[in-house]
1. Let me confirm something: among Arg251, Arg261, which residue is within 29 Å of Tyr321 (Cα to Cα) and among the basic types (Lys, Arg)?
2. Before we move on, is Ser281 modelled with pLDDT under 90, in contact with a Leu (Cβ under 6 Å, 6 or more places away or on another chain), part of a strand (DSSP E or B) and surrounded by 15 or more Cβ atoms within 10 Å (Cβ to Cβ)?
3. Is at least one residue of segment 152-170 over 24 Å from the mean Cα position of the chain (by Cα), crowded, with 18+ Cβ neighbours inside 10 Å and not in a strand (DSSP E or B)?
4. Select from segment 215-238 the residues that are in contact with a Lys or Arg (Cβ under 9 Å, 6 or more places away or on another chain) and either modelled with pLDDT under 80 or not in a strand (DSSP E or B) (or both) and list them in ascending order.
5. For segment 104-150, which residues satisfy the criterion of being in a loop (DSSP other than H, G, I, E, B), at pLDDT 85 or above and either over 19 Å from the mean Cα position of the chain (by Cα) or not hydrophobic (A, V, I, L, M, F, W, C) (or both)?
6. Can you pull out the residues in segment 17-45 that are in a helix (DSSP H, G or I), out of contact with any Cys (no Cβ under 9 Å at 6 or more places or on another chain) and free of Cβ contacts under 8 Å to residues at least 40 places away in the same chain?
7. Residues that are under 25 Å from the mean Cα position of the chain (by Cα) and either outside the structural domain of Val332 (by TED's automatic domain parsing) or exposed (fewer than 14 other Cβ atoms within 10 Å of the Cβ) (or both): does segment 211-218 have at least one?
8. Residue under question is Pro65, and the condition is that it be modelled with pLDDT of 85 or more, within 15 Å of Thr389 (Cβ to Cβ) and not assigned by TED's automatic domain parsing to the domain that holds Glu416; does it hold?
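The values are calculated or read from the model by the stated rules, or taken from the named source; none is laboratory data. Computed from a prediction, not measured in an experiment: that's the story for all the values here. For neighbour counting, all protein chains shown are included, and Cβ atoms are generated from backbone atoms with ideal geometry for every residue, glycine included.
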Amino acid sequence: MATLDKLQSLPEEIVLHIMSFLLYEEIVKLQSVSKFFLRICRDSNFWRNRCLSGYALREQMRGHPNRIVWSMLENSSLLSSKERGREHTRLTANWDPTFPNEKVNWYDEYIQRNAPIAVSWFQLPHTRDDSTRIPVDRIDSGVVECVSIDNQRNRAFFAVQNHLVEVDLETMAIVRDQTYEWSINTLSTVQPTVPLTVGTTLGLHLHDHRSPSHSLPLYAPLAQPSPLSILHLEQAGRQDTVSDDIFVAGRFSNILHYDRRMFPSIQGSIHSGAKLCAMTSLPYPFSCIDTELRRDFQLSEEQVKRAKNEPGRTLIACGEYNTKGSLEMYGVSAETRGEGNPRAFRKSAMKNRQTASRSKLLSVINHGTRIVYSDGQGYLKWVERDGVTEVRRHKIGLSERVAHRSLFGSMPGSDEIALKILSTKSGQDGNETINDDDLLLWTGERLGIVSFSSKPGFFADEFEDDTRTPEEIAVEKEQELYGEKMRLALERHARDVHFVRNLGAGNIRTGA
């Protein structure tokens, strides 16, 4: 105890310097020693330095054209320690994904970038009378796929064909049932100060949930059908304050822009060329040129600071372009009032259709200082805010138990795709608990959660009493193993076909 008291009597800067020589596993164990070490071990600046350490920079620059030059500068005896420190600071400024006044929990950030990923699966719902599971195909798709939640009033909006049903989550009673002329395809998120935007097959409606009567009579017809995503863009630099800008994307080549103050008149559009199905945003600026220069570590500290302090916002969209995934980022102006020129509104654009995915992107959200999206191959992929640099990826599988992986390598036993992903983070202004920013994923049939922990995930059957006989268990295991063998054989065949196609066999049919 005397040694512990001596350590706690040291200045915090010295304790943090000593901790910098420890492995992260040892730092995690050190948190349980005392409240003093718990507070010190979760120091945000300490974990920020870990995320932006020399090792992390070397990993970031692996395979980069400037890697050799930077390595020579780092190890050169001709440079003083001050010059090497200045160069490291410049590289760190280029790498740092945060913006001024942005609140980041770097302890969480380090966990989500480096900790093992565990996927857990929830039970299916049961009927009231017995324990019979409700088949998902008996439920209208809008009930599970077209939902918007009002957390302040504990209300939920469900789209069931052409009906918008408002439900009180405390009493589970239907409060209102609004009927529209066409089927409802998508809903915006609920903000307490603005109406809900409802996207039907052929038009947009503003539904004021604050009004006791009916929806607002405003209606904006669409020239092309099937909107798939509606986004209420936040104000620049204010993530919790929504602006008057409404963006609509779907099975048409442009992202439509509306201003709530002048609705239903369309204010402009952003040409994409892809079929987009999901959107999110950042209240910070985006410049394609500055982002590329930062990715190449070419900007000075002053240039990075100037670029990050520019007023503006970022629109992020994902979808499909020529059967491949498309991740798109658009820099838009901070304020649209009085801007009749669409070019003045859209400042910059980046379309990643090369490295995003071989298949369609299905959902995209912000996750810490990263962007995460799901694709049709069953992957969750985390990328930096440049939309290109991959941080990590994870293949979603139902049978992720160790026993199944030991038989057939590291492939999941049953592939799934995440049609929708959401963050579980609920706290604001830094009051959230540690490591609570997990990902909820919906596959169309099952609900799962992606967490960052060395503990294995749980499965739906763990909540149920197993009444099967040993013979039934053996038969089910044989069926699972046979299914895995067939899946692996089909995947191997698909890889062979893709390999032969790359050799030129795909041109035989055309005679080229």
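1. Working: Arg261 fails: within 29 Å of Tyr321 (Cα to Cα).
None of the others qualify; the one that does is Arg251.
2. Numbers: modelled with pLDDT under 90: no; in contact with a Leu (Cβ under 6 Å, 6 or more places away or on another chain): yes; part of a strand (DSSP E or B): yes; surrounded by 15 or more Cβ atoms within 10 Å (Cβ to Cβ): yes.
So Ser281 fails the test.
3. no
4. Residues of segment 215-238 that are in contact with a Lys or Arg (Cβ under 9 Å, 6 or more places away or on another chain), as a first pass: 224-228, 232-237.
Within segment 215-238, Gln224, Pro225, Ser226, Ala236, Gly237 qualify.
5. The answer is Asn105, Pro116.
6. Of the residues in segment 17-45, the ones in a helix (DSSP H, G or I) are 17-19, 24-30, 35-41, 44-45.
Restricting the remaining residues to those that are out of contact with any Cys (no Cβ under 9 Å at 6 or more places or on another chain) gives 17-18, 24-26, 29, 35-41, 44-45.
Within segment 17-45, His17, Ile18, Glu25, Glu26, Lys29, Lys35, Phe36, Phe37, Leu38, Arg39, Ile40, Cys41 qualify.
7. Of segment 211-218, the ones under 25 Å from the mean Cα position of the chain (by Cα) are none.
The answer is no, given that none of the residues of segment 211-218 is under 25 Å from the mean Cα position of the chain (by Cα) and either outside the structural domain of Val332 (by TED's automatic domain parsing) or exposed (fewer than 14 other Cβ atoms within 10 Å of the Cβ) (or both).
8. On the way: modelled with pLDDT of 85 or more: no; within 15 Å of Thr389 (Cβ to Cβ): yes; not assigned by TED's automatic domain parsing to the domain that holds Glu416: yes.
For Pro65, the condition - modelled with pLDDT of 85 or more, within 15 Å of Thr389 (Cβ to Cβ) and not assigned by TED's automatic domain parsing to the domain that holds Glu416 - is not met.
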